[in-house]
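The values are calculated or read from the model by the stated rules, or taken from the named source; none is laboratory data. Just so it is clear, the structure is predicted and the values come from calculations on it, not from any experiment. So basically every Cβ, Gly included, is an ideal-geometry build from the backbone, and we count neighbours across all protein chains shown. Side chains included, ligands, DNA and RNA excluded: accessible areas come from the protein's heavy atoms. Shrake-Rupley method; radii C 1.70, N 1.55, O 1.52, S 1.80 Å.
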Amino acid sequence: MDVLGISGSPKTNGFTGLLLDKVLDGARASGAHTEKIILNDLNFKACQECGGCDETGVCILDDDMRPIYEKLAEADVVVAASPIYFGNITAQLKAMIDRCHSSWMAKYILKRDLSRNKKRKGIFLCVAGKELEEYFESSKKIIKIFFITQDIEYSSDLFISGLNTMYADDPKREAALKKAFQLGVDITK
């Protein structure tokens, strides 16, 4: 089983990345092969709405998104992770999702099956500094649409709020990390 983790956080060592690492640790502990992509380390443009994918379902831009398309297609499980910025996912994750417009063209206009004849699962990890649970709803909608377009079943999520007042030894923080590890274990079953 191949599990692909995608970090939309601009912070390499932030809590979003830590949660994602725990999910991937849990998946590896269950025998899965894992890979982590940190979008902020990549160099790619936002979707240009140029029409280049209209007839092929393949994006014509040649940048760091190219390998991500194949990794998304091959993964059995995709774990998308993002902190909340202005009530939604980060620009990094949204730009990657927007670049998957070519997948939308392939699936809905060109009528191609993107599942590669396998049932695939998706997890969404999201964190917020404030105790505002409603922030997670708009983010969840975008991730659900992304997963649907990629023929991925939205299987599970983990939302953690209140990070601004949470310290390193906070029991809520430790509970979240344990839950993330268990999500990784469970997703491989």
| field | Among (1) of a type outside the set (S, T, N, Q); (2) out of contact with any helix residue (DSSP H, G or I) (no Cβ under 6 Å at 6 or more places or on another chain); (3) open to solvent by 20 Å² or more (accessible area, probe 1.4 Å); (4) in a helix (DSSP H, G or I) - the single one GLY31 does not satisfy | value | (4)
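Condition check: touching a strand residue (DSSP E or B) at 6+ places or on another chain (Cβ under 8 Å), of a type in the set (Gly, Ala, Ser) and open to solvent by less than 60 Å² (accessible area, probe 1.4 Å). Does GLY26 satisfy that? Break it down into steps so the answer makes sense when it comes.
On the way: touching a strand residue (DSSP E or B) at 6+ places or on another chain (Cβ under 8 Å): no; of a type in the set (Gly, Ala, Ser): yes; open to solvent by less than 60 Å² (accessible area, probe 1.4 Å): yes.
No; evaluated as a whole, the condition is false for this residue.
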| query | How many residues are touching an Asp or Glu at 6+ places or on another chain (Cβ under 7 Å) and among the β-branched types (Val, Ile, Thr) if we restrict to the range 18-35? | reply | 0
| said: Given (1) modelled with pLDDT under 95; (2) touching a helix residue (DSSP H, G or I) at 6+ places or on another chain (Cβ under 9 Å); (3) basic (Lys, Arg), identify the lone condition not met by LYS189. | reply: (2)
| field | the range 40-69 residues that are within 16 Å of ILE97 (Cβ to Cβ), paired with ones that are polar (S, T, N, Q) and assigned to a loop (DSSP other than H, G, I, E, B) (beta carbon under 8 Å, 6 or more apart) | value | ASN40/SER9; ASN40/THR12; LEU61/GLN48; ASP63/ASN43; ASP64/ASN43
